[in-house]
Amino acid sequence: MALTEDQLAQLLVKKLSAQLNAEESKLLQDWLEASPANKARYRELTNINVLKQKLARYATLKEETKLPEHKVLKRLDIGPVATKPVHRIHFLKTAWFRYAAAVAIIVIAGIFLLKRPEPHPAMQSDSAAMQATDIAPGTQKAILTLADGRTIVLDNAANGQLAMQQGSEVIKKDSEIIYTPIDAHKKAVGYNTMSTPKGGIYQLTLPDGTRVWLNAASSITYPTAFTGKNRTVKITGEAYFEVTKNTRQPFIVSTEGMEITVMGTRFNVNCYGDEPGLKTTLLSGSVRIASGGRARVLTPGQQARVDETGAIKVSNADIEADMAWKNGYFYFRGKSIAEIMRQAARWYNVDVKIETMPDDKFNAKILRDLPLSEFLKTFELTRQVKFRVEGRQITITQ
């Protein structure tokens with residue numbers, strides 16, 4: 001597929017500022033996969049060192065010349081460096097302004113402490129994170145287990161029909177599995193399970209049209225057709241749901257220690273075993289949370305947290321933080337390095353060991369498609385934490 005220069009500029013702006021919606025993310029991904037040349041061009045356009053140089057040149061020239069912005073842009077060869085002049089991209093003024101701002105915030109500022117010390121001009125060159133052999137971020141990968149026990153590695157499977165299951169045809173379309181009902185009156189159904197490994201993420205459309213996004217190290221078990229009074233699925237880990245409304249057949253999400261009943265709504269469920277409590281965040285519609293004989297109803301913008309006793313606490317949700325994983329970035333607000341590294345461990349498929357734990361709390365917004373070294377470097381730049389990388393083990397040493 002083809003993108004105009006302005007379309008590509010706008011998508012990169014949103015990508016760098018972690019504001020791509022699902023449709024835009026797919027558009028950019030389709031463009032990337034259209035040709036090796038597009039992938040190479042993307043790497044050039046998002047090269048951190050080149051972006052820093054461009055920003056430095058922009059800031060210096062603007063300060064020295066005192067020219068209006070449009071004249072500064074005209075005097076600069078604006079747009080990330082390409083290998084051949086003919087392929088150079090010139091961003092629109094408005095696009096470049098937002099592009100530069102996004103890079104400045106995400107790449108250069110990156111992260112700050114709640115108790116921020118005076119910034120150090122440069123990190124030591126022997127930083128463990130900087131010299132680590134890069135570990136790639138997570139990708140679209142999952143395993144589908146069919147009713148008869150057969151397994152399909154989805155990242156290796158070709159597009160098209162994968163299987164026929166009781167009541168449904170199972171189709172792969174790019175990075176999504178879609179169940180298409182073929183017998184609405186089917187009584188006997190089977191159960192399938194989609195599971196993502198550490199470092200994996202995947203999408204699923206259930207037989208009723210409900211869409212599910214699975215985060216890393218998560219799973220969902222569901223019937224191949226919804227034929228009973230309820231539409232019940234079971235999950236582990238974290239998943240985001242956009243449920244197809246059907247008042248005659250409530251949709252139920254079951255986890256270890258919590259049950260969520262909905263009619264038609266959008267919500268996120270976090271039930272990782274290594275996280276404190278079970279969290280449900282409601283974006284739209286209404287859900288009923290039940291646990292240990294207790295129940296609460298949420299309204300949009302609320303979050304329910306269920307503790308180990310089954311008690312349910314409802315509070316206002318931090319929607320951006322809770323939905324960051326689905327939208328392609330990490331978002332930390334007042335988090336300890338231990339909380340941060342639990343997410344990193346799942347996404348980068350690494351183990352984390354603690355030698356020393358800093359008391360500081362961190363705020364950060366970081367793209368999830370950065371390699372591990374860039375993720376760790378962002379925190380090391382605060383000089384409040386340090387890491388040692390050995391294979392796939394990350395040790396917190398300061």
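The values are calculated or read from the model by the stated rules, or taken from the named source; none is laboratory data. Since we're looking at a predicted model, the values are computed, not measured. Neighbour counts run over all protein chains shown; Cβ positions are idealised from the backbone, glycine included.
Points worth noting:
- Residues of segment 235-249 that turn out to be closer than 17 Å to residue 279 by Cβ and either surrounded by fewer than 17 Cβ atoms within 10 Å (Cβ to Cβ) or hydroxyl-bearing (Ser, Thr, Tyr) (or both), as a count: 2
- Test: residue in segment 361-368 that is surrounded by 18 or more Cβ atoms within 10 Å (Cβ to Cβ) and either farther than 25 Å from residue 21 by Cα or at pLDDT 90 or above (or both): yes
- Subset of segment 205-219 that is of a type in the set (A, V, I, L, M) and closer than 23 Å to residue 248 by Cβ - its residue that is surrounded by the most Cβ atoms within 10 Å (Cβ to Cβ): 206
- Per-region count, segment 263-288, residues assigned to a loop (DSSP other than H, G, I, E, B) and touching a Leu at 6+ places or on another chain (Cβ under 8 Å): 2
- Condition check for residue 215: in contact with a helix residue (DSSP H, G or I) (Cβ under 9 Å, 6 or more places away or on another chain), assigned by TED's automatic domain parsing to the domain that holds residue 182 and of a type in the set (S, T, N, Q): yes
- Each residue in segment 250-262 was checked for being surrounded by 16 or more Cβ atoms within 10 Å (Cβ to Cβ) and either touching a residue at least 40 places away in the same chain (Cβ under 8 Å) or assigned to a loop (DSSP other than H, G, I, E, B) (or both), and 3 of them qualify.
- Scan of segment 210-234 for residues that are more than 24 Å from residue 273 (Cα to Cα) and of a type in the set (Ser, Thr, Tyr), ordered by number: 210, 224, 227
- Qualifying positions in segment 346-360 - modelled with pLDDT of 90 or more and over 22 Å from the mean Cα position of the chain (by Cα): 353
- Within segment 382-395, the set of residues being in contact with a Pro (Cβ under 8 Å, 6 or more places away or on another chain) and without any contact (Cβ under 8 Å) to a residue 60 or more places away in the chain comprises 385 only.
- Every condition in (1) under 26 Å from residue 272 (Cα atoms); (2) over 21 Å from the mean Cα position of the chain (by Cα); (3) surrounded by fewer than 23 Cβ atoms within 10 Å (Cβ to Cβ) is met by residue 178 except one, and the failing one is (2).
- For segment 356-383, the set of residues classified as touching a strand residue (DSSP E or B) at 6+ places or on another chain (Cβ under 6 Å) and part of a loop (DSSP other than H, G, I, E, B) consists of 360, 361, 368, 382, listed by residue number.
- Qualifying residue in segment 381-391 (condition: under 30 Å from residue 141 (Cα atoms), over 19 Å from the mean Cα position of the chain (by Cα) and loosely packed, with under 13 Cβ neighbours inside 10 Å): yes
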